[in-house]
Structure formats: structure tokens, C-alpha cells
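> This is the structure I want to talk about, given as C-alpha cells.
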Amino acid sequence: MGTCCDLEVDINGEETFIVNKNILSSFSCKFSNLFGNYLDTNVCLKVIFNDFPGGAYVFELIVQLCYNNNSKKEIVTPSNVALLCSAANFLEMECDAIENFLDGFSLWTWYELIEALKQCQGLLFSTKYIPILDRIVDQLIEKLVLSSATSPYTCSSNTSSNNSLRNSCSGETWWFEHLLFLKIDLMDKVIRRMIYHNFDNGIVSKFLFYYHKCTCFGDAQAEKNEITKFVIHLLSLLDKRSISCKDLFNLNRIVITSKTNTYCKSMIESLIGPLLDKATIDYLLLPPPHGHDHAYDVDFVLRLMHIFFFEASFELTSDRLKRVVIMMDLFLVEVAPDPYLKPSKFEALITVLPDSARESHDQLYIAMNMYLKVHAGLGKKEKMSICCTLNNEKLSADFLRHLNRNLAFPSETKPTFQVNRQSRMKNLLEENDHLKSYFDTMFLKTFKNLDHVKENDDK
């Protein structure tokens, strides 16, 4: 490496290199600044680096580049370019060979990008800044976008790579397995860049759920909790309508059974709440928190309902509301027989929906009837507080008759004879609505004929 080797460089205690200080200083501002006036002397110097990126292996490559006038491009490969970039940044040097190599980014295969990304991940433990990282991630995402638009096999420009990739591709999720090596810090970077590039949020959410499932297997509980918290945070950055409601509820069950903090539980509920119209009754039947006797977690459902009505960021349509009403009435019927469910909680459940949301109160009556029979010892005031929610005008004739004979309900909540008769008349009119329309039409024609006859008589 030259006739004059007047510099010792200790790299992380791994190896000491004997090199020419003038050659290295001509490319590295860090060396040049360290040596100062000693550059023009024959004094032998020694430098110790304890945190050199990539260690002795990478420093040797840097020395080779410097001794080859910073132009030996074949030294740079996808498997070491991230390390060389970080080392060059550490030494404050500009490297033409590295830059020339990076100009061919678009020709890299998928696997070369993955290898470079793995190198970046190894560097994240020793340095916070990796100059090449954004470029690698952006190129990776560009290939993913291209593959989803055409075929997954186009993500590699190398024919032999295509053949091996063909066996592992599966629709839009073929790349999931390839990125499971990512740790939290680098995963955060990748997902945020995907969002920045408007990558399909639905696919991103599927990947996050898959990543959680695969990386949490067998880990210590503390690591599982950290990954769970991290995944929920990234999901919160996506369009909520693109996230699977079923997957969120499954993740919520994991959150409930693990010792995650309250903030984490609140975050996932804020994701589930706006999607409540996509849920089924089975999703809501969760066991209560430890120490509670009642059958289901009623407070959880009440919180979700509040988020659905007051915190959702997208439009509450009549179809969405109808689905939630049906599910909520089913939930009421499920929890009503619970002898440990307090009247205040049951009242909160039956009043969480506005009266205008329900077209019929038949299911509500069934739930109330079950609850009052199981809780026969309730006082009149508590019964009245519960039953006053019932709108008799929204009960069908059969349920009105049943209510009138039901001893479990306070008499003040039962329909009077007049109301009962009006309801029967209303039902009769509805059943014969076509006859009403017919008679209205006939009367209208009769009056028109009479007017015509009168006009002729006047003439």
C-alpha cells in the first residue's frame, strides 16, 4: 500500500492498519483535520476509532478505494454499499466509486435491495444516520408498486432471480416474508415511506398484522408488548377504512391478555370504533376485565359506541347506522340475562343509541323483558328508569299486547287502551295501504266527473 506507511489506524479494537496518512487525508476531511500541520512531516501517527461503521472489513475497503484513486467501482457491491456509504460519511469523504455505483440503483434486483437493507439494519445499532437508507427504501417501494401494477415477477430485472422469486410469489402479499427481518426502527422507516408514496394502505395493514403474528411468536412478553404497541401505532397512521375490522379485534384480544399500557388499549379502540358497522356480534362478546363478575366487557362496547358516533372521521350513513343498531340489539339480548349486570350499565347500553336510530323497538323490548325477569328485585324507580326508553309506538301489535299483560313492567310504561286501539288502527291501515290508495284515486275521479257535469249544466 505504498512505500511510506506513516499512520496506524486502530479500528474498533479489531485490527490495526498501517497506511499512508497523505493518501487517506487527500480523500478524508476527518483525517486531514486530525493531522493538521503533521501532514507535511515524517512523524508517524496513530488514530484509534472505537465506533467505525462496519469495522475492520469496511475500513480495508475504504483504504483500497483511496489507494485506487477513489475510482475502483468493482469494490462496491450491493452487500457492502450501505456500509461503505456510512464509513465514507464517518470519514467525511466523497467517494466517486460509491456514487457511480448508486447511479445504477434502478438496475438492482429485488434481492440486492433486500441485502442492502439488511446491511442498513445492522448499522442502525451503531449510527443514527445512514445516507443511503432512504434511497434503498424508495427503490424497494418503487419495485413493489411496479409489481402490484403488473406482476410480482417484474420486481427483479435479473432473469435468474425471477425464476427463484416465482416460487415465493403469492398475489399482492408475495413480499411479506422477505421483510420479516426488519426490526422496529427500520420497519418504522419503511412503513412511513410507503405511506409517503401512497402505497395501498390495505396491503400495508395486512403486512403489519402478518408481521405482528410472525415476529411475536416465541418472543419474551416484554418484546411482544413492544412489537404490539409499535404495530398499533403504525396502523393509526393508515386510512382506517382500509384496515380489517376482524384483524383489529383479534389484535385487541392480544392486547387485553397482555400487560400493555392503557394508552395502547385506547389506541386500538380508536381504530376499531369507526369500523363498528363492519363488526359482528361475536367480536363484542369479550370477557370482562379481571376482578369483574359480569359476563361480558360492557364498558368496552360503550367506549366503541361513543367513538363510532362522536369520534369517527368519516360519514355516518344510514346503512352503517342500521348495521350497528342491529348488532347492538343482539348484544343487548346476549347481556340481558346476566344476573351481575348492574341497572346503570344496562341503562347505559339501551340509551347509547338515539331513539331515532331504531325503526323498531321489538328487540329492545325482548332485552328489557329478559333483564327485568332476571332482576326481579329491582325497585320501581330503577324499573322506570330502564323502561322509559321504550317507545310503544315503535312496537309491533304482538309485542304491544304482550307488554300490556307483562307484570314485570311498571304499569306507567304500558300503553293505554286508546294507544292500543290507535296502534291497531295504524297496523290495519298499513296492511291495507293499497286499498287506501285505490279509494283515494276513485274519490278523485268521482270529484272530477262531478265538476265536469256541473260545467255542462251551466252551459
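The values are calculated or read from the model by the stated rules, or taken from the named source; none is laboratory data. Just so we're clear, the structure is a prediction, and the values are computed from it rather than from any experiment. Cβ placement follows ideal geometry from the backbone for every residue including glycine, while neighbour counts extend to all protein chains displayed.
> Residue 112 fails exactly one of the following numbered conditions: (1) surrounded by fewer than 20 Cβ atoms within 10 Å (Cβ to Cβ); (2) within 41 Å of the chain's Cα centre (by Cα); (3) at pLDDT 85 or above; (4) acidic (Asp, Glu). What is the number of that condition?
Status for residue 112: all satisfied but (1).
> Now for a separate question. Restricted to the stretch 251-306, and to residues that are of a type in the set (D, E, K, R) and part of a helix (DSSP H, G or I), which residue is surrounded by the fewest Cβ atoms within 10 Å (Cβ to Cβ)? Explain how you work it out, then say what you get.
Here is the first cut: in the stretch 251-306, the residues of a type in the set (D, E, K, R) are 253, 259, 265, 269, 277-278, 282, 293, 297, 299, 303.
When the remaining residues are screened for being part of a helix (DSSP H, G or I), the result is 253, 265, 269, 277-278, 282, 299, 303.
Values: 253: 12, 265: 16, 269: 18, 277: 19, 278: 19, 282: 10, 299: 14, 303: 17.
The residue in question is 282.
> Kindly provide the set of residues from the stretch 9-55 that are surrounded by fewer than 19 Cβ atoms within 10 Å (Cβ to Cβ) and polar (S, T, N, Q), ordered by number.
12, 16, 20, 22, 26, 32, 33, 37, 41, 42, 50
> While we're looking at this one, here's another question. Among the residues in the stretch 32-44, are any touching a residue at least 12 places away in the same chain (Cβ under 8 Å), part of a loop (DSSP other than H, G, I, E, B), among the aliphatic types (A, V, I, L, M) and over 25 Å from residue 143 (Cα atoms)?
yes
> Is it the case, given these coordinates, that residue 13 is without any contact (Cβ under 8 Å) to a residue 24 or more places away in the chain and more than 26 Å from residue 103 (Cα to Cα)?
no
> Okay, next question. Quick one: how many residues across the stretch 217-232 are surrounded by 14 or more Cβ atoms within 10 Å (Cβ to Cβ), of a type outside the set (D, E, K, R) and in contact (Cβ under 8 Å) with a residue 24 or more places away in the chain?
Within the stretch 217-232, residues that are surrounded by 14 or more Cβ atoms within 10 Å (Cβ to Cβ), of a type outside the set (D, E, K, R) and in contact (Cβ under 8 Å) with a residue 24 or more places away in the chain number 5.
> Is it true that residue 26 is polar (S, T, N, Q), within 46 Å of the chain's Cα centre (by Cα) and part of a helix (DSSP H, G or I)?
Against the criterion (polar (S, T, N, Q), within 46 Å of the chain's Cα centre (by Cα) and part of a helix (DSSP H, G or I)), residue 26 does not qualify.
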